[in-house]
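Have a look at the structure that comes next, please.
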Amino acid sequence: MSTPAPAGPRKSRLGWNLLGLLVFVTVGFPVYWMLNTAFKPAKDAIDPDPSLLPTGLTVANFKRALDVADFWGPVARSLVVSLTVVVIGVVVGMLAALAISRFAFRGRKVVIVGVLAVQMVPLVAMIIPVFLLLNDLNQYDRLSGLIITYLTFILPFTVWTLRGFIVNIPRELEEAAMVDGCSRTGAFVRVVFPLLAPGLVATSVYGFIQAWNEYLYALMLMSQQNQTATVWLGNFTTKHGTEYAPMMAGSTMMAVPIVVLFLLVQRKMAAGLTAGAVKG
């Protein structure tokens, strides 16, 4: 005969479930409201007494969003910038994290502290120096200049995060592979790299989201002809007011690449978010 569960743990579990539900609703409501506004008639989006539930569905806002200004050009530029930043950031960050984690060299602690210190500098504080530097290098209003700028704040996070993953991989695995005849590079490729895959995925997704959503530098460093997707959303704010429904439709279309990327790598992402959180 089974013993019923105590009332205390049952109430505690219910409390945590309610708290989790509250957090989910709080985080998910802006996304729901974006979708609700994107598919409702434009006149309902500016109603002073809005309805929580959709009163009518229409795709006219998406057509309007595509007609306001060129959509595919900014999206293509954002994809080029984001993917390039991710590839360069992960490759360089992985090599730097490997050097910091596996090799002892003079100034190693200074490098680690420097990586942390760079992340503490507000991005808005660097906008003028970055603008002047890119202008001197003839990189103003160029995608290459924007990529270099994004790497300055994505690389430190990448290095620090991947360092945590590499530290958690025992050195003995590499040493055993080297005893069996592998070189140091071969041991890394065959042993460390597969174990590092979840961390690479998690870091890549973070870097992609950061580069895709960045607005300030894209606004200040790129002209109207070379604007990215986030700056493109500003076309819905004019001297006559803001077209909220088409803006939300444009935001919905912009969110699609992020959602698709997350769905493709969600398993690796979940493993990567916890794999490097034990020590280091």
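The values are calculated or read from the model by the stated rules, or taken from the named source; none is laboratory data. Given the structure is predicted, the values throughout are model-derived calculations rather than measurements. Positions of Cβ are generated from backbone atoms using ideal geometry, with glycine treated the same way; all protein chains shown enter the neighbour counts. Only protein heavy atoms, including side chains, enter the accessible area calculation; ligands, DNA and RNA are left aside. Shrake-Rupley method; radii C 1.70, N 1.55, O 1.52, S 1.80 Å.
Is it true that Val86 is within 30 Å of Thr185 (Cα to Cα) and in contact with a helix residue (DSSP H, G or I) (Cβ under 6 Å, 6 or more places away or on another chain)?
Against the criterion (within 30 Å of Thr185 (Cα to Cα) and in contact with a helix residue (DSSP H, G or I) (Cβ under 6 Å, 6 or more places away or on another chain)), Val86 qualifies.
In addition: Mind listing whichever residues of segment 59-93 are open to solvent by 40 Å² or more (accessible area, probe 1.4 Å) and over 30 Å from Val201 (Cβ atoms)?
Val59, Ala60, Lys63, Arg64, Leu66, Asp67, Val68, Asp70
Then there's this: Cβ-Cβ distance below 6 Å, separation of 6 or more or different chains: which pairs start in segment 231-245 with a residue that is under 17 Å from Pro41 (Cα atoms) and end on one that is crowded, with 19+ Cβ neighbours inside 10 Å and among the charged types (D, E, K, R)?
Phe236/Glu243
Where residues in segment 162-182 are open to solvent by 40 Å² or more (accessible area, probe 1.4 Å) and of a type in the set (Gly, Ala, Ser), which of them is farthest from the chain's Cα centre (by Cα)?
Among those residues, the one meeting the criterion is Gly181.
Something else: So which pairs qualify, if the first residue must be in segment 137-159 and β-branched (Val, Ile, Thr), the second must be open to solvent by 40 Å² or more (accessible area, probe 1.4 Å) and assigned to a helix (DSSP H, G or I), the Cβ gap must be under 7 Å, and the two must be at least 6 apart or on different chains?
Cβ pairs passing all conditions: Ile147/Thr84; Ile154/Gln210.
Here's something else I'd like to know. Just need a number here: residues in segment 94-130 that are crowded, with 18+ Cβ neighbours inside 10 Å and among the polar types (S, T, N, Q).
1
Let me ask something else. Yes or no: segment 118-140 includes at least one residue that is within 17 Å of Gly89 (Cα to Cα), in contact with a Pro (Cβ under 8 Å, 6 or more places away or on another chain) and in the same structural domain as Val81 (by the TED database).
Yes - at least one qualifying residue is present in segment 118-140.
Consider only pairs whose beta carbons are under 9 Å apart and that are at least six residues apart or on different chains; among these, list those whose first residue lies in segment 50-73 and is without any contact (Cβ under 8 Å) to a residue 60 or more places away in the chain and whose second residue is acidic (Asp, Glu).
That search, which allows pairs on different chains as well, returns Pro50/Asp44; Ser51/Asp44; Pro54/Asp44; Thr55/Asp44; Gly56/Asp44.
I'd like the residue in segment 1-15 that is surrounded by 10 or more Cβ atoms within 10 Å (Cβ to Cβ) and not basic (Lys, Arg) and, out of all such residues, is modelled with the lowest pLDDT.
Ranking the qualifying residues of segment 1-15, first place goes to Ser12.
Could you check, for segment 146-161, whether at least one of its residues is open to solvent by 40 Å² or more (accessible area, probe 1.4 Å), among the hydrophobic types (A, V, I, L, M, F, W, C) and closer than 22 Å to Val75 by Cα?
yes
Still on this structure: Which of (1) within 23 Å of the chain's Cα centre (by Cα); (2) closer than 18 Å to Val92 by Cα is the odd one out, the single condition Thr185 does not satisfy?
Going through (1) within 23 Å of the chain's Cα centre (by Cα); (2) closer than 18 Å to Val92 by Cα one by one, Thr185 breaks only (1).
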